[in-house]
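Q: Before anything else, here's the structure in question.
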Amino acid sequence: MFSAKLKQILLLAGDAVIFYAALFLALALRYQIVPLPEVWTAHWLVFTPIALLWLLIFFMNGLYDLTRAKNNLDFYRAFLTALGINVLLTIGYFYLANFSFLTPKTILALLAAVYLPLFALWRSAFQHWLLRSASKNHLLFIDLTNEALELINSFNQEPQLGYETAAVICELTNPRQRK
């Protein structure tokens, strides 16, 4: 069974992998060839603090909150807001750092453009896996109270949390037998 923390760590790790994949693809698009090792190393080193900053901003915008990780309009609005903040902070970082050996303006634009669809694909795949995986916690409810119904509805609306109602045990009585 995957705990909520492990799912969040998987999301964060996936976002980091997507960042570096997007950087690699941005370099390939920019130079029209597979990046040479020295080009990749120079960019990888410079963009690693940026990757950490992006992940922090994503965290601050709730993108690792499993109750929000639903791939709906609210989630993508939060993502686009975080991505915009990240691009602006990255521009400020490169302006202040003033790397003489690297002028990453085009790379940054390509990185953002490539990261957007890769992120959407990654998060959709992760959501699909969460909904289809055997990592669900199966719940048994004893008695069908208003609170139990609330929980069942909540878990049905938030399937990414990993809870599924397996059964409800309740005593059915004949209304005429009640006093």
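Q: Among the residues of segment 30-58, write down those that are open to solvent by 20 Å² or more (accessible area, probe 1.4 Å), under 18 Å from residue 112 (Cα atoms), assigned to a helix (DSSP H, G or I) and free of Cβ contacts under 8 Å to residues at least 40 places away in the same chain.
A: 31, 40, 44, 45, 48, 52, 56
Q: Of all residues in segment 57-115, count the ones that are under 30 Å from residue 39 (Cβ atoms) and of a type in the set (Ser, Thr, Tyr).
A: Count: 7.
Q: Say we look at segment 148-173 and pick out the residues that are over 18 Å from residue 72 (Cα atoms) and among the hydroxyl-bearing types (Ser, Thr, Tyr); which of these is modelled with the lowest pLDDT? Outline the logic, then answer.
A: Keep residues of segment 148-173 that are over 18 Å from residue 72 (Cα atoms), which gives 148-153, 163-173.
Keeping just the survivors that are among the hydroxyl-bearing types (Ser, Thr, Tyr) gives 163, 165, 173.
Numbers: 163: 77, 165: 79, 173: 62.
Looking at residues that are over 18 Å from residue 72 (Cα atoms) and among the hydroxyl-bearing types (Ser, Thr, Tyr), I get 173.
Q: Would you confirm whether or not segment 87-108 contains a residue that is open to solvent by less than 70 Å² (accessible area, probe 1.4 Å), outside any helix (DSSP H, G or I) and closer than 20 Å to residue 130 by Cα?
A: Within segment 87-108, not a single residue is open to solvent by less than 70 Å² (accessible area, probe 1.4 Å), outside any helix (DSSP H, G or I) and closer than 20 Å to residue 130 by Cα.
Q: Moving on. Looking only at segment 1-29, how many residues end up being assigned to a helix (DSSP H, G or I), open to solvent by 80 Å² or more (accessible area, probe 1.4 Å) and more than 22 Å from residue 57 (Cβ to Cβ)?
A: 1
Q: Tell me, yes or no, whether segment 66-85 has at least one residue that is of a type in the set (A, V, I, L, M), part of a helix (DSSP H, G or I), out of contact with any helix residue (DSSP H, G or I) (no Cβ under 8 Å at 6 or more places or on another chain) and open to solvent by less than 70 Å² (accessible area, probe 1.4 Å).
A: Looking for residues that are of a type in the set (A, V, I, L, M), part of a helix (DSSP H, G or I), out of contact with any helix residue (DSSP H, G or I) (no Cβ under 8 Å at 6 or more places or on another chain) and open to solvent by less than 70 Å² (accessible area, probe 1.4 Å), one finds at least one in segment 66-85, hence yes.
Q: Right, next: Can you find even one residue in segment 103-121 that is in contact with a Gly (Cβ under 7 Å, 6 or more places away or on another chain) and either under 18 Å from residue 16 (Cβ atoms) or at pLDDT 90 or above (or both)?
A: There is no residue in segment 103-121 that is in contact with a Gly (Cβ under 7 Å, 6 or more places away or on another chain) and either under 18 Å from residue 16 (Cβ atoms) or at pLDDT 90 or above (or both).
Q: Go through (1) within 20 Å of the chain's Cα centre (by Cα); (2) touching a residue at least 60 places away in the same chain (Cβ under 8 Å) and name the single condition residue 83 misses.
A: (2)
The values are calculated or read from the model by the stated rules, or taken from the named source; none is laboratory data. These numbers come from a predicted model, not from an experiment. Reconstructed Cβ throughout: ideal geometry from the backbone, glycine too, with neighbour counts over all protein chains shown. With ligands, DNA and RNA removed, areas are computed over all heavy atoms of the protein, side chains included. Shrake-Rupley method; radii C 1.70, N 1.55, O 1.52, S 1.80 Å.
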